[in-house]
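Peer 1: Got a structure for you, questions after.
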Amino acid sequence: MELPFAESYKIKMVEAIRRSSREERDRWIKEAGYNLFRLKSEQVNIDLLTDSGTGAMSDKQWSELMLGDESYAGASSYYKMKNAILEILGYEYFLPTHQGRAAENVLFSVLVKAGDIIPGNSHFDTTKGHIEFRKAFAVDCTINEAFNTTVHHPFKGNVDPEKLEKILKAHGDKIPFIIMTITCNSSGGQPVSVENLKMVRQLADKYGKPIVFDSARFAENAYFIKKREPGYADKTIREIVLEMFSCADIMTMSSKKDAIVNMGGFIAMRSKELHQKASVYNIMFEGFITYGGMSGRDMNALAQGLYEGTEYDYLETRIRQVEYLGARLMEFDIPVQQPIGGHAVFIDAKRFLPRLPKEEFQAQTLAVELYREAGVRGVEIGALMADRDPVTRENRYPELELMRLAIPRRVYTNNHMDVVAIALKNLWDRRDIITRGLKITSEAPIMRHFTVGLDLV
Ligand code: F0G
């Protein structure tokens, strides 16, 4: 008999989960204004809010913490991180930042000005936030297939070359760079192929534009390339990663994802001149250029995480768990973004709750129902997150109205995934009687979904 697949690690430390009753959860979610970000973590049974900063560090990462050098300037931990970035990603210059959006803030302070246009594949919300905050515009050039959850496409993170070239042709002078998010979180943790990255490179060269990779889940992207792109099956993850990054000039990184640390980020680049310009903002916003908002011990753990995060065995365990949850949901005919993404399963809320009008926030309603059912916390990636148009202040209704179940790295077992799957099946079975959506009672002027207050309609 063929041996079954098993995780590529064993568990050395555990953390207790507090269980709760439905009555408790009904009360807690009402008190939280039907906003899952406002819940206390102890009110959550299985926390799939995000895979960001929620992973379990390895014994090697924990031991690296003890070796951290906390010197203000020139710490050995900075050089450890520098070496890992050079070896794994191929960039000579870098600046540590406290997380991914801080990297965006520093980099965009140099590169983005009012009226600029930044094309790419579906920009992540903080990226878009930092663009719009500077009165610039994010233009989504993702392939159309990505917006239909029933269509199978191996690389739904890809950019449509025609859409991209149209923008480059029409607004070339207003475009400071092209941004590629790998994997593309907003379209469902979907990868970008090397072929597509090379095509974007060609267009960028034709129009003289640099390329920025928003790299939070770059290793998961490389895993999908190995599995799905012709010609890459025999290459190592590290070889594929280097080939991917050879297509870009600059990268921002939220290390809370594929570097498997709880906090941290960086910007890396080939240009010494850009490094110098960005250093000014890094010092102002983050900290001196050799720590930039991170402690030495965290830089050590991050460097170790970059090595572990690009090991095939780790990635296989990780992505197979996400696929396992996706497969269970598909068994029950629950509508999910297909194929299943790298870090999360995305439920198509428009198809789950078609009787609910979009004005009542279908994905948020589904996320609230799932929490009440089983204490599982997912997150809305839909109209709440899409926010209002910065000019007209009208609500924006994106094509995809999704509830994301993001799986933290090395944290839960497949038994937990089974609980999530059954809880969703219970909701699916009674979807026709979920007829009451949500309305907004209070909201912030930008990135409202984090703090929004809601009530039942
Ligand atoms: N880029 C992408 C693609 C992301 O997914 C995130 C964060 C960021 C940038 C910002 O990084 O959180 O370190 O400041 N995504 C998290 C998520 C929050 O839940 O998907 P950060």
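Peer 1: Collect the residues in segment 156-167 that are under 30 Å from LYS227 (Cβ atoms) and either of a type in the set (Lys, Arg) or more than 16 Å from the ligand (Cβ to nearest atom) (or both), keeping them in residue-number order.
Peer 2: From segment 156-167, those under 30 Å from LYS227 (Cβ atoms) are 156-165; that's our starting set.
If the condition is that a residue be under 30 Å from LYS227 (Cβ atoms) and either of a type in the set (Lys, Arg) or more than 16 Å from the ligand (Cβ to nearest atom) (or both), then LYS156, ASP160, PRO161, GLU162, LYS163, LEU164, GLU165 are the ones that fit.
Peer 1: Something else now. Answer yes if at least one residue in segment 25-35 is within 16 Å of the ligand (Cβ to nearest atom), aliphatic (A, V, I, L, M) and at pLDDT 95 or above, and no otherwise.
Peer 2: Going through segment 25-35, the residues within 16 Å of the ligand (Cβ to nearest atom) turn out to be 35.
Next, from what is left, pick out any that are aliphatic (A, V, I, L, M): none.
Checking segment 25-35: not a single residue is within 16 Å of the ligand (Cβ to nearest atom), aliphatic (A, V, I, L, M) and at pLDDT 95 or above.
Peer 1: Step by step: first the residues of segment 101-115, then only those that are near the ligand (Cβ under 9 Å from one of its atoms) and out of contact with any Phe, Trp or Tyr (no Cβ under 8 Å at 6 or more places or on another chain), then the one that is nearest to PRO210 (Cα to Cα). Which residue is that?
Peer 2: Once the filter is applied, the top-ranked residue is GLU104.
Peer 1: Another one. Any residue that is of a type in the set (Lys, Arg) and outside any strand (DSSP E or B) - is there at least one of those in segment 363-379? Can you show your working first?
Peer 2: Let us first name the residues in segment 363-379 that are of a type in the set (Lys, Arg), namely 372, 377.
Of the ones still in play, those that are also outside any strand (DSSP E or B) are 372.
Looking for residues that are of a type in the set (Lys, Arg) and outside any strand (DSSP E or B), one finds at least one in segment 363-379, hence yes.
Peer 1: Which of the following residues is in contact (Cβ under 8 Å) with a residue 60 or more places away in the chain, within 15 Å of the ligand (Cβ to nearest atom), farther than 19 Å from ASP249 by Cβ and surrounded by fewer than 18 Cβ atoms within 10 Å (Cβ to Cβ): PHE147, PHE133? Spell out the reasoning first.
Peer 2: On the way: PHE147 fails: within 15 Å of the ligand (Cβ to nearest atom).
The match here is PHE133.
Peer 1: Something else now. List every residue pair whose Cβ atoms lie under 9 Å apart, where the two residues are 6 or more positions apart in sequence or sit on different chains, the first residue falls within segment 175-199 and is aromatic (Phe, Trp, Tyr), and the second residue, located anywhere, is in a helix (DSSP H, G or I) and away from the ligand (no atom under 11 Å from the Cβ).
Peer 2: Once the first residue is aromatic (Phe, Trp, Tyr) and sits in segment 175-199, its partners that are in a helix (DSSP H, G or I) and away from the ligand (no atom under 11 Å from the Cβ) give PHE177/LEU111; PHE177/ALA204.
Peer 1: Looking only at segment 84-109, count how many residues are touching a Lys or Arg at 6+ places or on another chain (Cβ under 9 Å) and crowded, with 19+ Cβ neighbours inside 10 Å. Reasoning before the result, please.
Peer 2: First pass over segment 84-109, keeping only residues touching a Lys or Arg at 6+ places or on another chain (Cβ under 9 Å): 87-88, 90-94, 99-100, 108-109.
Keeping just the survivors that are crowded, with 19+ Cβ neighbours inside 10 Å gives 88, 91, 93-94, 99-100, 108.
Residues meeting the conditions: 7.
Peer 1: Let me ask you something else. So, in segment 337-358, exactly how many residues are in contact (Cβ under 8 Å) with a residue 60 or more places away in the chain, part of a helix (DSSP H, G or I) and of a type in the set (D, E, K, R)?
Peer 2: 1
Peer 1: Mind listing just one residue for me: the one in segment 175-217 that is assigned to a helix (DSSP H, G or I) and either under 10 Å from the mean Cα position of the chain (by Cα) or of a type in the set (Lys, Arg) (or both) and, of those, farthest from the ligand (Cβ to nearest atom)? Break it down into steps so the answer makes sense when it comes.
Peer 2: First, the residues of segment 175-217 that are assigned to a helix (DSSP H, G or I): 194-207.
The next check asks that each one be either under 10 Å from the mean Cα position of the chain (by Cα) or of a type in the set (Lys, Arg) (or both); those that pass are 198, 201, 206.
Values: LYS198: 21, ARG201: 20, LYS206: 26 Å.
Among residues in segment 175-217 that are assigned to a helix (DSSP H, G or I) and either under 10 Å from the mean Cα position of the chain (by Cα) or of a type in the set (Lys, Arg) (or both), the one farthest from the ligand (Cβ to nearest atom) is LYS206.
Peer 1: Now for a different question. Mind listing whichever residues of segment 47-81 are more than 16 Å from the ligand (Cβ to nearest atom), more than 13 Å from GLY296 (Cβ to Cβ) and not in a loop (DSSP other than H, G, I, E, B)?
Peer 2: Answer for segment 47-81, where residues must be more than 16 Å from the ligand (Cβ to nearest atom), more than 13 Å from GLY296 (Cβ to Cβ) and not in a loop (DSSP other than H, G, I, E, B): ASP59, LYS60, GLN61, TRP62, SER63.
Peer 1: Is it fair to say ILE175 is more than 20 Å from ASP51 (Cβ to Cβ) and touching a helix residue (DSSP H, G or I) at 6+ places or on another chain (Cβ under 8 Å)?
Peer 2: Here the answer is yes, as ILE175 does meet what is asked.
Peer 1: While we're here: Please determine, by comparing only the residues of segment 90-148 that are of a type in the set (Phe, Trp, Tyr) and at pLDDT 95 or above, which one is nearest to VAL391 (Cα to Cα). If you could, list the steps in order and put the result at the bottom.
Peer 2: As a first pass, look at segment 90-148 and keep what is of a type in the set (Phe, Trp, Tyr): 91, 93-94, 108, 124, 133, 137, 147.
Filter again for at pLDDT 95 or above, leaving 91, 93-94, 108, 137.
Details: TYR91: 38, TYR93: 37, PHE94: 35, PHE108: 21, PHE137: 11 Å.
Only one residue fits best here, namely PHE137.
Peer 1: Looking at segment 402-426 only, could you name the residues that are assigned to a helix (DSSP H, G or I) and surrounded by fewer than 20 Cβ atoms within 10 Å (Cβ to Cβ)? Even if it seems obvious, please write down each step before you answer.
Peer 2: Applying the first criterion (assigned to a helix (DSSP H, G or I)) to segment 402-426 yields 414-426.
Scanning segment 402-426 gives ASN414, ASN415, HIS416, ASP418, VAL419, ILE422, LYS425, ASN426.
Residue-by-condition table, conditions (1) crowded, with 21+ Cβ neighbours inside 10 Å; (2) in the same structural domain as GLY90 (by TED's automatic domain parsing); (3) under 29 Å from LYS135 (Cβ atoms):
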{"site": "PRO154", "(1), (2), (3)": "no, yes, no"}
{"site": "ILE178", "(1), (2), (3)": "yes, yes, yes"}
{"site": "ASN185", "(1), (2), (3)": "yes, yes, yes"}
{"site": "VAL192", "(1), (2), (3)": "yes, yes, yes"}
{"site": "ALA216", "(1), (2), (3)": "yes, yes, yes"}
{"site": "LYS227", "(1), (2), (3)": "no, yes, no"}
{"site": "ILE240", "(1), (2), (3)": "yes, yes, no"}
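Peer 1: Another question about this same structure. Would you check if there is a residue in segment 155-169 being touching a Pro at 6+ places or on another chain (Cβ under 6 Å), touching a residue at least 24 places away in the same chain (Cβ under 8 Å), assigned to a loop (DSSP other than H, G, I, E, B) and small (Gly, Ala, Ser)?
Peer 2: Looking for residues that are touching a Pro at 6+ places or on another chain (Cβ under 6 Å), touching a residue at least 24 places away in the same chain (Cβ under 8 Å), assigned to a loop (DSSP other than H, G, I, E, B) and small (Gly, Ala, Ser), one finds at least one in segment 155-169, hence yes.
Peer 1: Just to be sure, is GLU359 under 24 Å from ASP432 (Cβ atoms) and out of contact with any Leu (no Cβ under 7 Å at 6 or more places or on another chain)? Walk me through it before giving the result.
Peer 2: On the way: under 24 Å from ASP432 (Cβ atoms): yes; out of contact with any Leu (no Cβ under 7 Å at 6 or more places or on another chain): yes.
For GLU359, the condition - under 24 Å from ASP432 (Cβ atoms) and out of contact with any Leu (no Cβ under 7 Å at 6 or more places or on another chain) - is met.
Peer 1: Restricted to segment 385-401, and to residues that are in a loop (DSSP other than H, G, I, E, B) and in contact (Cβ under 8 Å) with a residue 60 or more places away in the chain, which residue is farthest from the chain's Cα centre (by Cα)? Spell out the reasoning first.
Peer 2: Narrowing segment 385-401 to residues in a loop (DSSP other than H, G, I, E, B): 387, 389-394, 396-401.
Now narrow it down to the ones that are in contact (Cβ under 8 Å) with a residue 60 or more places away in the chain: 387, 390, 399-400.
Values: ASP387: 18, PRO390: 23, GLU399: 18, LEU400: 16 Å.
Ranking the qualifying residues of segment 385-401, first place goes to PRO390.
The values are calculated or read from the model by the stated rules, or taken from the named source; none is laboratory data. None of the values given here were measured: they were computed from a predicted structure. Backbone-built Cβ (ideal geometry, glycine too); neighbour counts: all protein chains shown.
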